[in-house]
Structures are given as structure tokens and as C-alpha cells.
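Undergrad: One structure, pasted below without further comment.
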Amino acid sequence: MNDILVLHTGGTIGMEIGPDGLTPSVGVLEQALGKLAEPDVTISFCTFDPLIDSAEISAAYWNRMIDRIAAFQGAGVVITHGTDTMAYTGAALSQALAGLRCPVVLCGAMKPLNMQGDAEKNLELALREARRAAPGVWLAFAGRLLPAAGLIKHDSQGADAFRAIPQPALPAAFRPRRFAPRRLAILTLSPGLPAAAIAAALGELDGAVLRVFGAGTIMSDPALEKVLMDAVSRGCRIRAVSQCENGGLMPGAYAAGAALWRVGVENGGTETPEAALARLWIELSDAPSPATSSEPARS
């Protein structure tokens with residue numbers, strides 16, 4: 001079985017220079033696939049209409065990817081995607097497609113195809129690994145195959161732009177999950193941040209990932225504790241993660257973090273912010289939701 005599904009969402013890999021800078025361009029990726037795909041491979045190609053810069057990614061686009069992948073019966077899937085929100089899509093698909101029995105390989109580039117950059121090598125690696133990699137969601141980038149569940153984009157311009165942080169194990173049984181139209185965000189604590197600012201943000205949200213200090217500390221501010229308690233009490237789920245890339249949280253290690261656990265903030269452990277956001281979104285999506293959606297036009 002040598003069928004590969006290629007989902008082209010957009011991103012730098014398929015861009016050309018326009019009047020305002022790089023912009024997604026139809027036909028660029030299709031031409032490259034004809035040159036780079038191995039001769040014994042059959043490619044089913046689906047391009048999003050319109051193609052997007054990854055800054056525009058949303059839960060509705062994730063759902064489109066999930067629907068296409070869940071219905072596919074071939075060897076593997078390649079998704080071309082911009083690098084700026086690759087970590088979000090990697091986390092979202094890893095959790096939504098946990099237990100899938102074929103590889104899904106994300107692919108992007110720091111320079112577009114046909115510009116003597118990294119695009120051709122990344123795409124060639126993705127096409128190869130879509131047939132050979134273990135089941136799961138991966139990123140093919142800079143000569144490496146990285147697990148996509150905990151991606152970190154650590155360089156905005158260098159070719160070796162990603163690393164991966166190990167994440168908690170995912171369910172083994174495949175049950176495709178989808179993202180309902182929920183209001184979520186990642187909020188970051190910083191010294192001097194007024195409690196009222198956190199209150200204003202949480203008042204607009206169904207859930208939030210709260211990036212706290214170190215192993216799990218926050219400012220000793222009774223007003224902030226009340227803000228968190230009030231939000232949790234009304235049903236807003238708050239999941240804490242560390243602002244450090246490695247090590248995660250250690251509830252109980254510092255008195256300065258006791259307020260988090262006292263008011264019911266969840267412990268995100270070693271999760272990346274993107275992984276914690278995906279977890280909250282999926283779990284909140286299982287609850288009754290409004291019927292409205294901002295689904296983009298289908299191709």
C-alpha cells in the first residue's frame with residue numbers, strides 16, 4: 001500500500017514573493033511533488049482553498065484535517081503547514097488522532113520551494129517517512145523526524161528551528177476527536193501584572209492555560225487568588241504549565257504556588273502550553289456546545 005494523502009494548508013513552503021512579502025501561491029507545491037515523490041507512490045492531493053499563512057490557523061482548520069485523515073485508508077499522510085503555529089497543530093492533531101494506525105507527517109520550511117533553502121529536503125523527508133514512520137503525528141524538519149505532540153519553535157529564522165519536549169502518553173485506542181467552538185487562550189504571568197488584567201481575560205474565556213513561574217509559583221497577591229478562584233467556580237477551566245521548557249510543575253514544592261492548587265487550578269505537569277491548550281480544548285469540546293461554527297470554506 002503506497003498511497004499517500006498530501007494536505008496542503010499553505011505556509012512558507014508553498015509561498016512566492018508578492019507585493020507585501022511572501023504569500024501562499026497555488027501550484028508551487030504541486031510542481032514540487034511531481035519531482036520529489038518516489039515513482040511507486042500514488043499521491044492523493046488536497047489543497048485548502050484558500051491557502052493560508054499559518055498565523056490564520058484555527059480549530060475549524062484542525063477539524064478539516066482530522067476529517068480527511070480519519071477517512072483515509074492509505075499508507076500515510078503529509079500535511080504542509082507554516083512553521084509559526086506548527087507547535088499548536090502538532091499538539092492538536094497528536095491528541096485528536098491518538099491511536100491512529102498510520103503516520104501523519106507535518107512538513108514546513110523556513111524558505112519557500114525553488115529558493116535554494118530547506119523546503120525540498122523537508123518535503124522529501126516527509127514523503128519518505130509517511131510510508132515508513134511508526135503510527136503517530138510527526139514533524140519532518142531539518143533532516144530529523146520529531147514527535148509533534150510537544151514541539152517547540154525555538155528559532156524564528158534558522159533552518160533547524162524546532163525541538164521536541166517529551167509529553168505524557170496518549171490514549172492507545174483510536175477515537176478521532178474534534179474541536180468545538182470554545183473560547184480558550186494561553187495567559188502568561190509576569191512580575192507586576194495586575195490581577196484585574198487576568199480577571200478581564202478570564203471573563204471572556206471558557207478555559208485558559210496559565211503559564212506560571214518555575215516549578216509552579218505565582219505572585220502572593222490575594223486579589224489574584226480570588227480572580228482564579230472566581231473563574232474556576234463559574235466553570236472556567238484553568239490549567240497551569242511552567243514558563244520553563246523542561247522540568248514541569250511540582251505542586252507543593254513552594255508556598256508561593258499553594259494558591260494555584262487551593263483554588264482548583266489544574267496541574268499541567270510537563271505539558272507544553274500548546275499541548276495543554278489542545279487538551280483543554282478537546283475535553284471542553286466533549287461538553288454540550290453552541291451549534292454555530294466558524295468553519296472556513298471547504299475545498
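Each reported figure results from applying straightforward, stated rules to the coordinates on display, with no laboratory input. In this text, all values refer to a predicted model and were calculated from it rather than measured experimentally. FYI the Cβ positions are ideal-geometry reconstructions off the backbone, even for glycines, and counts take in every protein chain you see.
Undergrad: If I model a spin label at Met250 and Asp3 as a point 7 Å from the Cα along the Cα→Cβ vector, what separation in nanometres do I get?
TA: The answer from the label model is 5.2 nm.
Undergrad: Which trypsin sites (Lys or Arg not before Pro) in region 186-257 sit in a loop by DSSP (not H, G, I, E or B) and have at most 10 other Cβ atoms within 10 Å of their own Cβ?
TA: Arg234
Undergrad: Within the chain, what's the longest stretch lacking GluC sites (Glu not before Pro) that sit in DSSP loops with no more than 13 other Cβ atoms inside 10 Å?
TA: Answer from the scan: 1-203.
Undergrad: In region 96-146, which trypsin sites (Lys or Arg not before Pro) fall in coil by DSSP and have 14 or fewer other Cβ atoms within 10 Å?
TA: Passing sites in region 96-146 are Arg101.
Undergrad: What shape does region 1-142 take by its C-alpha gyration tensor, where a ≥ b ≥ c are the square roots of the eigenvalues and a/c under 1.5 counts as rounded, a/b above b/c as prolate, and the rest as oblate?
TA: Oblate, since a/c reaches 1.5 and b/c is not below a/b.
Undergrad: Quick one: what are the phi-derived ³J(HN,Hα) couplings along region 262-272, Karplus 6.51/-1.76/1.60 with θ = phi - 60°, whole Hz, x for glycine and proline?
TA: So the Karplus estimates, Gly and Pro as x, are 5, 8, x, 5, 7, 8, x, x, 9, 5, 6 Hz.
Undergrad: With +1 on each Lys and Arg Cβ and -1 on each Asp and Glu Cβ, how big is the dipole of the chain about its Cα centre, in debye rounded to the nearest 20?
TA: That gives a dipole near 740 debye.
Undergrad: What percent do you get for the relative contact order of the chain when only Cα pairs under 8 Å and 6+ apart count?
TA: It comes to 17 percent, rounded to a whole number.
Undergrad: Length gain on complete extension for the stretch Ala70 to His154, per 0.36 nm per residue less the alpha carbon to alpha carbon distance?
TA: Computed gain between Ala70 and His154 is 27.2 nm.
Undergrad: Read through the labelled values (1) 14; (2) 19; (3) 23 and report the label of the one computed as percent of Cα pairs over 35 Å apart from the structure.
TA: Structure-derived value, by its label: (3).
Undergrad: Sticking with this one: Hey, any idea what Rg/Rh is for region 184-285, computing Rh the Kirkwood way over Cα pairs?
TA: 0.92
Undergrad: OK, next. State the Cα centre-to-centre distance between region 219-253 and region 28-80 in whole Å.
TA: That distance is 38 Å.
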